[in-house]
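The values are calculated or read from the model by the stated rules, or taken from the named source; none is laboratory data. Small disclaimer: the values here were computed from a predicted structure and weren't measured. With ideal geometry, Cβ positions are generated from the backbone for all residues, glycine too; neighbour counts draw on all protein chains shown.
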């Protein structure tokens with residue numbers, strides 16, 4: 001096969017894959033980005049695993065929707081590297097709309113989550129060339145999909161348990177700063193959130209969260225608007241943490257609660273994420289980790305008093321754990337939640 005023939009085959013395969021992806025999303029061949037987004041999120045909310053627990057067929061369909069959407073928005077010829085196995089799959093599943101994307105899921109997971117192989121290097125180089133000011137804007141869907149991986153979901157549930165303990169039963173008038181895609185807000189019953197990433201907020205809105213596109217350094221709310229504020233794995237990405245803590249104090253009511261969930265510096269989990277940062281991970285290469293003492297100092301300087309703490313992830317990454325969480329501060333834990341109360345005398 002000469003170069004021209006090879007080029008024509010590649011183009012034909014791409015057209016076939018694009019046609020399949022559009023069929024999965026139920027959009028026309030001329031649909032623009034706005035229509036693709038609308039179609040994807042309507043279907044994603046219908047087939048989301050959170051709404052259909054333990055339904056393997058729904059998870060299967062949701063996975064394919066994610067991959068189809070990802071392909072249409074970010075696909076390029078450089079990403080179509082078909083192995084012999086994939087060639088066979090396309091032929092085998094030519095009339096089966098699930099076929100190719102089922103196989104693609106494995107490559108997708110390998111490239112973007114723990115255990116990624118050399119296959120992901122080209123794509124990571126592409127990610128590095130994106131704007132560095134807010135990586136979450138460019139990879140919102142991939143970030144959100146992390147929570148669907150079974151072993152990651154166990155980590156998420158352990159962290160939610162810590163935060164639920166600290167929040168207590170009264171969860172009216174709470175705000176999440178750095179709400180992201182709304183995973184924690186939804187699980188904890190928080191109805192309002194802010195984030196500087198519009199792509200993240202699209203997913204949060206689909207989960208029923210009332211959102212504002214804003215930064216923690218300038219919260220778009222009046223003084224004493226909230227009874228509680230949550231920040232989960234947000235601190236490590238803040239450029240001006242002192243200002244964010246001060247803003248949280250400003251919008252909290254007297255005796256209002258601030259809960260900070262974070263990965264403490266000096267732990268095996270911090271080292272795990274730092275290694276990712278060193279290898280160019282699109283998220284963690286921007287992270288700065290803090291010790292428990294440093295977090296308490298930030299809170300104290302902003303007019304907060306420490307009240308309670310809880311911890312989880314007591315074993316190193318990849319190791320199994322026998323205890324879900326502890327209602328106490330464990331500085332060596334992989335995830336710590338600390339509750340502070342606004343000091344009304346300040």
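Just a few scattered comments:
- Among the residues of the range 248-266, those that are under 21 Å from residue 288 (Cβ atoms) and either crowded, with 21+ Cβ neighbours inside 10 Å or more than 26 Å from the chain's Cα centre (by Cα) (or both) comprise 248, 258, 259, 260, 261, 262, 263, 264.
- Residue ID - surrounded by the fewest Cβ atoms within 10 Å (Cβ to Cβ), chosen from residues in the range 26-49 that are in contact (Cβ under 8 Å) with a residue 12 or more places away in the chain and under 11 Å from residue 62 (Cα atoms): 45
- Just so you know, in the range 164-193 the residues that are surrounded by fewer than 23 Cβ atoms within 10 Å (Cβ to Cβ) and closer than 15 Å to residue 251 by Cα include one that is modelled with the lowest pLDDT, and it is 172.
- The range 277-301, residues that are modelled with pLDDT of 90 or more and outside any loop (DSSP other than H, G, I, E, B): 292, 293, 294, 295, 296, 297, 298, 299, 300, 301
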